[in-house]
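A short worksheet on the structure shown next.
The values are calculated or read from the model by the stated rules, or taken from the named source; none is laboratory data. Keep in mind that what you see is a predicted model, and the values were worked out from it rather than measured. Cβ: placed from backbone, ideal geometry, glycine included. Neighbour counts: every protein chain shown. Areas reflect the complete protein model, heavy atoms only, side chains present, ligands, DNA and RNA absent. Shrake-Rupley method; radii C 1.70, N 1.55, O 1.52, S 1.80 Å.
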Amino acid sequence: MLSFVNYIKLCASRRSHLLTKTTFQRYGYSTIKLTSDNYPNLKRNDNFKKITSDDLAYFQSILTPQELIIAKDKDELNLYNTDWTHKYKGQSNIVLKPKSVDKVSLIMNYCSKERIAVVPQGGNTDLVGGSVPVFDELILSLSNLNKIRSFDELTGILKCDAGAILEDVDNYLKDKGYLFPLDLGAKGSCQIGGCVATNAGGQRLLRYGSLHGNVLGLEVVLPDGTILNSMHSLRKDNTGYDLKQLFIGSEGTIGIITGVSILTPTNPKSTNVSFLAVKDFKDIETVFKRAKRDLSEILSAFEFMDMKSMQLTKKHLAETDGSMTFPLENEHPFYILIETSGSNKEHDDAKMEKFLEDVMGDETVIDGTMAQDVTEIEKIWKWREMIPESCQSEGAVYKYDVSLPLSKIYSLVESTNAKLLKEDLLYDPVKNPSGPVIGAVGYGHIGDGNLHLNVAAKEYNKIIEKCLEPFIYEAVSELQGSISAEHGVGLQKKNHLHYSKSPVEIKVMKDIKNHFDPNGVLNPYKYV
Ligand code: FAD
Ligand code: MLT
Ligand code: ZN
């Protein structure tokens, strides 16, 4: 039975950098195929100019050597050309890292006039191939624009540069008694501008809502170099179209976000994290219903993981971090991570106790543990946040990030595994030792109806891709779900938008793109 000992409640923790540049560097680059070789149907648009020595001379005239990476720095260039999943690799020979908004404006003005294609890049943690070039597009990195501009301790309104790293900003805010309303496993690398550009969701959306609600203003450099300054700090402003909303989730296709103004909530004084096990997916629904009812306003995260995703994480952590022991003694079909955050420890304890008594009492929850200090909170979160890295530790991962009605969510993982088995792709040490796929696993922000369906594989190959697509997109469309809950469209889903958007919606999106970027220089080949 359950051993929920010592309900020790804790102040909100500081999580360590889970994702750093060294994580990228652990893997080799030579084996990664170029996107242009992998997708031969994609053709370079010859209207885009190949960068000449005159262009280079212009960039050198406005930038210092620290703001420019060129062909001779091959290893560094690889880092910017290759995406996090190692599925996409571009061939850019130039990365610009301007230190001021004015320089971003000069660069875009020049590139627009000269028809030089540009890929804006933040922390390069994008999971849909959006942050790296397809061919030889110039990479414009926001990393050198990374300052906090201002913070109002009364209202909680933060203004910062787009290139500030999420975890750094969160730590800054915590010192002031606030926190960033978005949290995700890539926080050690991803940038505020990149998060806004993808409208990232993450683990706190359940509590604090989406960036569409929290962002109050943006500063954006338009494709022709015009600086659109709307760094407002007003919660209410009905003077015309809400322009900033267009850029939130636009994935670098209509403008370069250089500044963000955002409303941040106060940092909760008391945090609890529990890690529970249930025997089937239906029980997750029951636990979620009760968590909403009994934990109500203090519920801050409700995540799920299936057995296979935890097995992969166990294996990966055993190889990379010996200090991580699994929170439970036995394995179970499904796990739930519940976090509560509040301002009154006694009140929060009482709520959590009553809730746990309830779900344990009738054995809806069959096993579980509760973090007893900050270190344990961090460790439990690490078991959840290391799943993405673990899923690709065998070599490759096909990632699907979907929104579905809660009751239908797990059937997609089951039907995907059934299809992989039928097509003889699933690895089995005895029956199919050469099977290239480890398996389809499910985890995600179940409280938001968001499933991460990951197919862990030994390599990227066309046979696996054909088995999975359009099968998964069709299944999601039939259930009236979304083929991208939070990761965006990028290159991966560009040709699949019609599974979630009508022809009229796609046409209006194309009109918007053409309005802002008539020459199509910003992040070409992607999105629409
Ligand atoms: P990048 O990856 O560099 O870029 C993302 C896109 O935005 C690209 O299309 C790029 O061109 C564009 N872009 C970047 N910066 C700018 C800018 N300043 N102006 C205009 N366009 C720009 N996503 C979630 O939603 N929820 C999660 O829980 C989550 N967890 C993750 C966990 C891991 C381990 C990883 C690797 C990724 C995760 N992601 C998640 C995906 C990813 O979308 C986020 O990490 C983040 O939003 C990307 O930020 P970035 O700075 O790395 O942007
Ligand atoms: C997550 O929730 O862990 C992220 O969205 C990343 C992923 O799914 O790989
Ligand atoms: Zn996610």
Review point. Along the principal axes of its C-alpha atoms, what lengths does the chain span, in descending order and rounded to whole Å?
Key: 72, 62, 46
Check your understanding: What fraction of the Cα pairs in region 44-123, stated in percent, has a spacing above 15 angstrom?
Key -> 60
**Study point:** Helix-only mean residue ellipticity at 222 nm for the chain, each DSSP H run of n ≥ 4 adding -39500 (n - 2.57), per residue, nearest 500
**Key:** -9500 deg cm²/dmol
Review point. Using a 1.4 Å probe, how large is the accessible area of VAL215, given in Å² and rounded to the nearest 10?
Key: 0
Review point. How large, in percent, is the carbon and sulfur part of the accessible surface of region 67-108 at a probe radius of 1.4 Å?
Key: 49
Check your understanding: Carbon and sulfur together cover what percent of the accessible area of region 113-185 at a 1.4 Å probe radius?
Key -> 47
Exercise for review: Go ahead and run the numbers for FRET between SER233 and ASN171, Cβ-Cβ distance against an R0 of 22 Å, rounding to 0.05.
Suggested key: 0.50
Check your understanding: Of LYS50/LYS513; LYS174/LYS244; LYS501/LYS526; LYS50/LYS494; LYS314/LYS462, which ones are farther than 20 Å apart at the Cα?
Key -> LYS50/LYS513; LYS174/LYS244; LYS50/LYS494; LYS314/LYS462
Practice item. Taking just the C-alpha trace of region 20-153, give me its Rg and Dmax in Å. Key: 15.4, 53
Practice item. Note down the accessible area of GLU285, probe 1.4 Å, to the nearest 10 Å². Key: 40
Review point. Where the accessible area of region 280-397 is counted over protein heavy atoms with a 1.4 Å probe, how much of it, in %, is carbon and sulfur?
Key: 47
Practice item. Specify the angular offset, from 0 to 90 degrees and rounded to the nearest 10, of the alpha carbon long axis of helix 166-175 from the longest principal axis of the alpha carbons in the chain. Key: 60
Exercise for review: In whole angstrom, note down how far apart the Cα centers of region 210-269 and region 409-470 are.
Suggested key: 37
Check your understanding: Could you state the number of Å between the C-alpha centres of region 325-399 and region 496-528?
Key -> 40
Practice item. Work out, in µm²/s and without decimals, the Stokes-Einstein translational diffusion coefficient of region 209-294 at 20 °C, 1.002 mPa s, Rh from Kirkwood over C-alpha pairs. Key: 130
Exercise for review: Please calculate how many Å² of accessible area region 138-295 carries per residue, with a 1.4 Å probe and no DNA, RNA or ligand atoms counted.
Suggested key: 36
Exercise for review: Calculate, in nm to one decimal, what LEU42 and GLU459 gain on full extension: separation in residues at 0.36 nm each, minus their alpha carbon distance.
Suggested key: 148.0 nm
Check your understanding: P(r) tail for region 346-444, what percent of Cα pairs lie past 16 Å?
Key -> 73
Practice item. Express in Å², to the nearest 10, the accessible area of ARG290 obtained by rolling a 1.4 Å probe over the protein heavy atoms while all chains stay in place. Key: 40
